[in-house]
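All remarks here apply to the structure that follows.
Coordinate-derived values only; no laboratory data. These numbers come from a predicted model, not from an experiment. Neighbour counts run over all protein chains shown; Cβ positions are idealised from the backbone, glycine included.
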Amino acid sequence: MKKKRADKKGIKTKPNLNVESPPPVSRSVSPPLSAPARFDVSPTSSLVAVIMGSQSDWETMRHTDETLTQFGVPHECKVISAHRSPSLAAEFGSTAEARGLEVVIAAAGGAAHLAGVMAAHTTLPVLGVPMKSDALNGMDSLLATVQMPGGIPVGTLAIGKPGAVNAALFAIAILANSRPELREKLHQFRNDQEAKIRATKL
Ligand code: RP5
């Protein structure tokens, strides 16, 4: 229970609430942080979008680009940051399906929220690639990407280059469900891989 204030003689007193309020401060209402500009929703020939939080991620994500190119999968690569360009991220995610994309691959490092933000805005399959960060070797990126709340899935791949390559192969496997020619290329890829292992002499 709260005790009432008491003066030095022990007589209980009420707090003085008659304090003059300070003069009103003039306020102006600021415009929104970033005015939403509509993303170009015109259809794309790309089946896969490869997006990354920074240009510094390209050194890793070029392996996704190269793998998709190797399989002849039409794709587009863009820098979109969940934190530095939040409106663009929301626009890209929410228009991805209407543009004709079928898979989104999203790479980010550190507080890596890009894949999660994409998944929040689209029901297309979203594959997350955690970048190997300087500070924590990619553990931060991995946990930020993989620990999604139930209901908003992100398929998270390995940290760095293996994840970048596998994100492309996973996207191709998804597309191959309705494209026999891609299924055939995937089988050939696996066979070539095995042949190399069998032929390895130490
Ligand atoms: C993330 O922050 C990016 O995905 C990148 O991995 C990391 C560092 O970005 P930069 O400071 O190199 O632009 O958003």
Any chance you could count how many residues in the stretch 137-168 are farther than 19 Å from M118 by Cβ and among the hydrophobic types (A, V, I, L, M, F, W, C)?
2
Failed item in (1) surrounded by fewer than 18 Cβ atoms within 10 Å (Cβ to Cβ); (2) in contact (Cβ under 8 Å) with a residue 24 or more places away in the chain; (3) within 12 Å of the ligand (Cβ to nearest atom), with K161 passing the rest
(3)
Does T145 count as β-branched (V, I, T), buried (at least 22 other Cβ atoms within 10 Å of the Cβ) and either out of contact with any strand residue (DSSP E or B) (no Cβ under 7 Å at 6 or more places or on another chain) or over 15 Å from K78 (Cβ atoms) (or both)?
yes
Go through (1) within 11 Å of the ligand (Cβ to nearest atom); (2) aliphatic (A, V, I, L, M); (3) not in a loop (DSSP other than H, G, I, E, B) and name the single condition V50 misses.
(1)
